[in-house]
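A.B. asks: This is the structure I have questions about; it appears just below.
Derivation of every value follows stated rules applied to the coordinates shown; laboratory data play no part. Everything quoted here is computed from the prediction, not taken from an experiment. Cβ placement follows ideal geometry from the backbone for every residue including glycine, while neighbour counts extend to all protein chains displayed.
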Amino acid sequence: MGKTLSEKVWDEHVVRSAQGEPDLLFIDLHLIHEVTSPQAFDGLRLAGRKVRRPDLTLATEDHNVPTLDWDKPIADPVSKTQVDTLRRNADEFGVRLHPLGDIEQGIVHVVGPQLGLTQPGMTIVCGDSHTSTHGAFGAIAFGIGTSEVEHVLATQTLMQAKPKTMAVTINGSLPEGVTAKDMVLTLITHTGTGGGQGYIVEYRGQAIEELSMEGRMTVCNMSIEWGAKAGLIAPDQTTFDYIEGKPEAPTGADWDAAVAHWKTLVTDEDAQFDKEIVLDASTMTPFVTWGTNPGQGVPLGGNVPDPESFEEEQDRVGAENALKYMGLEAGTPMREVHVDTVFVGSCTNGRIEDLRLAAEIIKGHKVAEGTRLLVVPGSVRVRMQAETEGLHEVFIEAGAEWRGAGCSMCLGMNPDQLTPGERSASTSNRNFEGRQGKGGRTHLVSIPVAAATAVRGTLSSPADLTELTTV
Amino acid sequence: MDKFTTHTGVAVPLKRSNVDTDQIIPAVYLKRVTRTGFEDGLFAAWRNDPEFVLNRPEYAEASVLVAGPDFGTGSSREHAVWALQNYGFKAVISSRFADIFRGNSGKAGLLAAQVDEKVVQKIWDHLDEHPGATVTVDLESRTVRAGEGPDAIEDSFDIDDYTRYRLLNGLDDIGITLTNEADITTYEAQRPSWKPATL
Ligand code: SF4
């Protein structure tokens, strides 16, 4: 019997397997940041151990760094300690670090791909749950905890039980104006937040093949939000074209050898998945969340649901609690929900393509009175590319705040936070209670919805803006 | 990780059940970037009370904690184990441990010795009579011992074979993996040269 893509990649990385024990997997790339690594390094130090493969390790500062005044000392003492500690550890253990102020600094999941370090067929781990992003290249990529970070640092391997496999096939083409983000939000509402538990998911089908690498990263990024261990997409010409010429991409004969191997990384015709889901992209529409988990979503054209409409008791209670926290009335059209802050950024939607799309929609408009728009590039490179293209001027002219690179309001560990009761439309990936600041209310949205919402002040799509200009 | 064969130390009675990880170390103490120093947060809420058992001079050198049932429930934070170890504890005796706490303990080298509820009571009684007395936790023979003469306590404790093996040999997860280091080296030697590197 043939193998699925994920089984092929997995099997290529098994260092040791024994009956009744998890496999020992080799890790090709270990990404590090300031929040989950300090105790892992300290553990090495206490045990007198070294980093086994500093040449397969990369560190960047992203989770709690400020996006304003980044050339000044970090004001928050805990953040400052974490960042200083990362710098000391990287120095002591010989790990390459892109610190604040460096041109390659940025969100770890934006930096890996843009350096060309993320390649098909790799195993990639990081002490961050959205490591699944890298699966867009046909890699097995997943988040790990601090003690596992220490294990990978010391051994370049991880003990892992082989997950089950699932195929998510998305047929048809996305309609104009509907994005990868809408696709994945639709999927999560369809499966629920636990639907992927225990699986490595392969996304496939025409709609997936038609996505750009950025779009594929958005989809894989949110695999974790429906519980999957990892999500991946078979590499194809789109993948190769994206990688070619990147700073760490193979060149010459190495490139040819690499591509020849990458082309074998597809699920065999006769391979079997443990589970399959099929969706149709052509019926998808802009999609937004109304609740406090990413599976609580509706089409933008829909209404805040009535908790009574849920069959399961658990969903009903969940919806009631969510509406209370979100300050929403059942039946309210989503388009009438007023938004205080729009956040464009994060490892889900903070890449250059995302900023281009946002600028294209905002151009010629102003941010609505009573709403603020925060644009946070995923990395310094993205920021510089955007400035080269003049995108920052579009944002600034519209009245937006143009910031430095980092995770920022995605998780509110730096000063970019919502205040209690403040409502956001956010291009990030989590709408949990308090995720973007204590008491903050988050609606997850796509880039076009974020941009249009900033202009109208209520949840909107670009189609609403055309009406605005013609009226 | 240090090998654990047998330990004899001052035992302290913690006469409470359901001691959860928030009580072992409250969240506000988790900001540290090291693996050490968490002793200052250990049982923080209770240590404000001068009468709290750990504040009594006879227990200043305590290294064995004898607690009520359901010790270590709550969150999965490994800091709870670190805090106990940083304070100087080598072993915790209880009639029931939360699974995650027991797992974290084994990985970090803290012995979680599960005994019958009656044994906990006997040790508590013994410590009440002789504050500052020592208790021996012998991992090789899986026994706890306290006192002397006719009143001496000796009973067995439960620990799974695998955790016992790891503790006896001082093997943490990394140590276990490194017993197969030759396999890693072999694997590394056959990786294709075009795979990316950061340095
Ligand atoms: S942007 Fe958000 S999800 Fe992505 S790495 Fe940063 S905190 Fe995690």
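A.B. asks: Where does helix A:447-456 land angle-wise versus the long Cα axis of chain A, in degrees 0 to 90, nearest 10?
C.D. replies: Roughly 30 degrees between the two axes.
A.B. asks: What is the magnitude of the charge dipole of the protein assembly as shown about its Cα centre, with +1 placed on the Cβ of each Lys and Arg, -1 on the Cβ of each Asp and Glu, and no other charges, expressed in debye to the nearest 20? Write out the running numbers ahead of the final one.
C.D. replies: Details: 60 positive and 96 negative charges, 186 e Å.
Approximately 900 debye in magnitude.
A.B. asks: Right, here's the next one. Could you give the nm distance between label points at A:ASP69 and A:GLU276, where each point is 7 Å from its Cα heading toward the beta carbon?
C.D. replies: Each label point is offset 7 Å from its Cα along the Cβ direction, giving 5.7 nm.
A.B. asks: Report the local net charge at A:GLY145: Lys and Arg +1, Asp and Glu -1, summed over other residues whose C-beta lies under 12 Å from its C-beta. Spell out each step's value before the answer.
C.D. replies: Working: positive: B:ARG77, B:LYS107; negative: A:ASP128, A:GLU148, A:GLU150, B:GLU78, B:ASP173.
Here the charged neighbours net out to -3.
A.B. asks: Sticking with this structure for a sec: With just the Cα atoms defining each centre, how far is the stretch B:140-199 from the stretch A:227-261? Give it in Å.
C.D. replies: 38 Å
A.B. asks: Between the stretch B:76-135 and the stretch A:437-451, how far is it from one alpha carbon centroid to the other, in angstrom?
C.D. replies: Cα centres, the stretch B:76-135 to the stretch A:437-451: 46 Å.
A.B. asks: Run the numbers on the stretch B:6-189 and let me know its relative contact order in percent, using alpha-carbon pairs under 8 Å that are six or more apart. Intermediate results must be reported in sequence, preceding the final value.
C.D. replies: On the way: 334 pairs, mean separation 41.4, N = 184.
The normalised contact order for the stretch B:6-189 reaches 22 percent.
A.B. asks: Another question, if that's okay. Would you kindly calculate the mean projected area, averaged across all directions, of the convex hull enclosing the Cα atoms of chain B, in square nanometres?
C.D. replies: Numbers: hull surface 54.9 nm².
The directionally averaged projection comes out at 13.7 nm².
A.B. asks: Now for a separate question. Magnitude of the Cβ-charge dipole of the stretch A:115-217, K/R +1 and D/E -1, about the Cα centre, nearest 20 debye?
C.D. replies: So the magnitude is around 280 debye.
A.B. asks: To the nearest 10 degrees, how steeply does helix B:99-108 sit against the main Cα axis of chain B, on a 0 to 90 scale?
C.D. replies: Tilt of helix B:99-108: around 70 degrees.
A.B. asks: Expressed as a rounded percentage, what relative contact order does the stretch A:286-470 have, with Cα pairs under 8 Å and six or more residues apart?
C.D. replies: 26 percent
A.B. asks: Report the semi-axes of the equivalent ellipsoid for chain A in whole Å, largest first, where each axis is √(5λ) for an eigenvalue λ of the Cα gyration tensor. Could you put the intermediate results ahead of the total?
C.D. replies: Details: eigenvalues 226, 143, 96 Å².
Result for chain A: semi-axes of 34, 27, 22 Å.
A.B. asks: Long-range amide H contacts for A:GLY434: which residues qualify at under 5 Å (H placed 1.01 Å from N, peptide plane, sequence gap of 5 or more or a different chain)?
C.D. replies: A:GLY439, A:GLY440
A.B. asks: Moving to a separate point now. Need one number: % antiparallel among DSSP beta bridges in the stretch A:286-470, to the nearest 5.
C.D. replies: Numbers: 5 of 18 bridges.
Of the beta bridges lying entirely in the stretch A:286-470, close to 30 percent run antiparallel.
A.B. asks: In the Gaussian network model of chain B, springs joining C-alpha atoms below 10 Å, which of B:ARG35, B:ARG142, B:ARG102 carries the largest mean-square fluctuation?
C.D. replies: B:ARG35
A.B. asks: Place a +1 charge on the Cβ of each Lys and Arg in the stretch A:286-470 and a -1 charge on the Cβ of each Asp and Glu, then give the dipole magnitude about the Cα centre in debye, rounded to the nearest 20.
C.D. replies: Numbers: 17 positive and 24 negative charges, 128 e Å.
Computed about the Cα centre, the dipole is about 620 debye.
A.B. asks: Further question: For A:MET217, A:MET183, which order do you get if you count the other beta carbons within 10 Å of each Cβ and list the fewest first? Write out the running numbers ahead of the final one.
C.D. replies: Numbers: A:MET217 31, A:MET183 26.
Going from least to most buried by this count: A:MET183, A:MET217.
A.B. asks: Turning to a different aspect of this structure: For chain B, set up a GNM with springs between Cα atoms under 10 Å and report which of B:SER17, B:SER95, B:SER141 has the largest fluctuation.
C.D. replies: It is B:SER141.
A.B. asks: Next up: Among B:LEU65, B:LEU178, B:LEU54, which one shows the highest mean-square fluctuation when chain B is modelled as a Gaussian network with alpha-carbon springs under 10 Å?
C.D. replies: B:LEU178
A.B. asks: What ranking of A:LYS8, A:LYS366 emerges when the number of other C-beta atoms within 10 Å of each C-beta is taken as an exposure proxy, fewest first? Could you put the intermediate results ahead of the total?
C.D. replies: Details: A:LYS8 19, A:LYS366 13.
So the residues, fewest neighbours to most, are A:LYS366, A:LYS8.
A.B. asks: Take the Cα gyration tensor of the stretch A:134-187, multiply each eigenvalue by 5, square-root it, and list the three semi-axes largest first, rounded to whole angstrom.
C.D. replies: On the way: eigenvalues 225, 35, 18 Å².
Ellipsoid semi-axes (Å, largest first): 34, 13, 10.
A.B. asks: Separation between the B:SER193 and A:ASP256 pseudo-spin-labels, each 7 Å from Cα along Cα→Cβ, expressed in nm?
C.D. replies: For the pair B:SER193/A:ASP256, the computed spacing is 1.4 nm.
A.B. asks: How high is the relative contact order of chain A, in percent, counting Cα pairs under 8 Å that sit 6 or more residues apart?
C.D. replies: Details: 1123 pairs, mean separation 80.2, N = 471.
Dividing the mean separation by the residue count of chain A yields 17 percent.
A.B. asks: Rank the residues A:HIS63, A:HIS33, A:HIS392, A:HIS338 as a footprinting-exposure proxy: fewest other Cβ atoms within 10 Å of their Cβ go first. Mind dumping the intermediate values first?
C.D. replies: Details: A:HIS63 23, A:HIS33 27, A:HIS392 19, A:HIS338 13.
Fewest-to-most ranking of A:HIS63, A:HIS33, A:HIS392, A:HIS338: A:HIS338, A:HIS392, A:HIS63, A:HIS33.
A.B. asks: Sticking with this one: At most 13 other Cβ atoms within 10 Å plus a DSSP loop assignment makes a site exposed; report the longest stretch of chain B without any exposed GluC sites (Glu not before Pro). Don't jump to the answer; show the numbers that get you there.
C.D. replies: Values: sites that count: B:GLU51, B:GLU61, B:GLU140, B:GLU148.
With a cap of 13 other Cβ atoms within 10 Å, the longest stretch comes to B:62-139.
A.B. asks: Taking 25 Å as the cut-off for C-alpha to C-alpha distance, list the pairs among A:LYS80/A:LYS324; A:LYS164/A:LYS438; B:LYS15/B:LYS90; A:LYS50/B:LYS3 that go past it.
C.D. replies: Details: A:LYS80/A:LYS324 36 Å; A:LYS164/A:LYS438 37 Å; B:LYS15/B:LYS90 18 Å; A:LYS50/B:LYS3 21 Å.
Beyond 25 Å: A:LYS80/A:LYS324; A:LYS164/A:LYS438.
A.B. asks: Summing +1 for each Lys or Arg and -1 for each Asp or Glu, what net charge is found among the other residues whose Cβ lies under 14 Å from the Cβ of A:HIS190? Walk me through the numbers on the way to the answer.
C.D. replies: On the way: positive: A:LYS275; negative: A:ASP182, A:GLU225, A:GLU276, A:ASP280, A:ASP315.
Result for the local shell: -4.
A.B. asks: How many angstrom separate the Cα center of the stretch A:20-84 from the Cα center of the stretch A:86-117?
C.D. replies: Each part reduced to its Cα centre gives a spacing of 9 Å.
A.B. asks: Please determine, in degrees from 0 to 90 and to the nearest 10, the orientation of helix A:252-262 with respect to the longest principal axis defined by the Cα atoms of chain A, where the helix direction is its Cα long axis.
C.D. replies: It works out to around 70 degrees.
A.B. asks: Projected onto the charge dipole of the stretch B:6-189 (+1 at Lys/Arg Cβ, -1 at Asp/Glu Cβ, origin at the Cα centre), which of B:PRO69, B:LEU111, B:THR21 gives the Cα projection farthest towards the positive end?
C.D. replies: Highest projection toward the positive end goes to B:THR21.
A.B. asks: At R0 = 51 Å, how high is the FRET efficiency between A:ILE103 and A:VAL14 if r is their beta carbon distance? Nearest 0.05 is fine.
C.D. replies: Working: r = 37 Å, r/R0 = 0.73.
After rounding to 0.05, the efficiency reads 0.85.
A.B. asks: For B:GLU61 and B:ASP2, calculate 0.36 nm times their separation in residues minus their Cα-Cα distance, and state this gained length in nm to one decimal. Before the final figure, lay out each step's value.
C.D. replies: Details: separation 59, 0.36 × 59 = 21.24 nm, distance 1.95 nm.
Stretched out fully, the B:GLU61 to B:ASP2 stretch lengthens by 19.3 nm.
A.B. asks: I would also like to ask the following. Could you please report the charge total around A:GLY215, scoring K, R as +1 and D, E as -1 over all other residues with beta-carbon less than 13 angstrom from its beta-carbon? Mind dumping the intermediate values first?
C.D. replies: Values: positive: A:LYS181, A:ARG216, A:ARG351, A:ARG356; negative: A:ASP182, A:GLU209, A:GLU210, A:GLU214, A:GLU353, A:ASP354.
Overall, the nearby charge balance is -2.
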